[in-house]
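Below is one structure, written out as structure tokens; the observations come after it.
The values are calculated or read from the model by the stated rules, or taken from the named source; none is laboratory data. Since the structure is predicted, the reported quantities are computational estimates derived from the model, not experimental observations. Neighbour counts run over all protein chains shown; Cβ positions are idealised from the backbone, glycine included. The protein model used for the area step is the full one, side chains on, heavy atoms only, and it has no ligands, DNA or RNA in it. Shrake-Rupley method; radii C 1.70, N 1.55, O 1.52, S 1.80 Å.
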Amino acid sequence: MTPPPPRRPAARPAPPATDTPADAAIDAAADAAWDRADPYAHALRSGAGPLFLRRRDGWLLPLEVERWCGVPDGADVTVLRRCTGPVLDIGCGPGRLVAALAALGRPALGIDVSSEAVAHARSRGAAALRRSVFEPLPGEGRWGTALLIDGNVGIGGDPAALLARTAALLRPGGRLVVEVAADDDVDERVHVHVTDGVRGPRAARRPDRAHPGHHGFPWARVGLPALLRYAAAGRWREEDRWAAGGRRFAALRAPEPTPRTVRR
């Protein structure tokens with residue numbers, strides 16, 4: 001489950017005309033300092049945890065940093081085998097899947113809101129952009145496969161909204177591969193922050209003019225039954241389900257255009 005830092009806005013407002021190059025340099029330096037203090041970025045740089053998502057009630061979900069920073073394992077291979085056409089890895093983290101696809105000569109792009117994750121992915125030969133899935137993206141409506149692996153179906157805290165957005169990114173009938181929670185009964189929307197237990201939580205984004213600071217970010221966890229309910233409501237079709245390496249996955253087919261949506 002690749003945990004994003006708090007989701008960035010769809011578009012950062014243009015700075016006021018009074019801003020100077022010195023102001024921009026100060027902002028860039030502050031962003032860099034913030035990234036250095038981020039437990040998630042620190043874990044990616046070291047390639048190891050501990051790292052957790054922490055709910056407000058204190059419950060901790062361990063995050064598998066070592067696996068993310070490693071090479072694809074047997075369970076990942078079952079995902080890679082199902083990738084057809086150009087592939088968009090949503091929440092790519094340090095880029096193990098995008099790099100593996102690139103090594104196979106397959107067109108693939110990873111997106112992640114963490115600058116450290118994107119830098120790590122690029123260092124492995126993966127094409128990656130620092131971008132939220134809810135921002136404008138290259139190739140919208142033309143991707144053959146999208147990936148929501150490592151729990152990334154939780155991005156934004158609203159699985160239905162994320163599925164709808166992913167449908168807009170895929171070509172009609174495109175494939176979405178989702179990793180779900182091992183527990184079938186899970187269907188929760190929570191507020192979490194990333195913590196390593198040492199530096200404290202990533203409790204607030206660096207304040208700026210547009211966003212005065214947030215505490216944590218929304219997240220979701222869903223098992224297979226919940227995922228299929230959300231998918232059915234959005235006219236997705238279940239194609240496959242499987243388990244590998246103690247992890248659980250589903251493949252869905254994106255909705256086909258209805259007569260009302262087909263351009264005449």
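Tabulated data for the structure shown
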quantity	calculated
Qualifying residue in segment 143-160 (condition: open to solvent by 20 Å² or more (accessible area, probe 1.4 Å), out of contact with any helix residue (DSSP H, G or I) (no Cβ under 6 Å at 6 or more places or on another chain) and among the small types (Gly, Ala, Ser))	no
Qualifying residues in segment 109-142 (those that are surrounded by fewer than 21 Cβ atoms within 10 Å (Cβ to Cβ) and among the acidic types (Asp, Glu)) - the one nearest to residue 254 (Cα to Cα)	140
Residue satisfying condition, being over 27 Å from residue 71 (Cβ atoms) and either touching a residue at least 12 places away in the same chain (Cβ under 8 Å) or in contact with a His (Cβ under 6 Å, 6 or more places away or on another chain) (or both), within set 171, 124	171
Within segment 178-250, strands (runs of 3 or more DSSP E) holding 1 or more residues that are open to solvent by 70 Å² or more (accessible area, probe 1.4 Å), at pLDDT 95 or above and not basic (Lys, Arg)	237-244
Residues located in segment 42-60, provided they are surrounded by 21 or more Cβ atoms within 10 Å (Cβ to Cβ) and part of a helix (DSSP H, G or I)	43, 44
Number of positions in segment 61-98 that are in contact (Cβ under 8 Å) with a residue 40 or more places away in the chain, touching a Gly at 6+ places or on another chain (Cβ under 9 Å) and open to solvent by 20 Å² or more (accessible area, probe 1.4 Å)	9
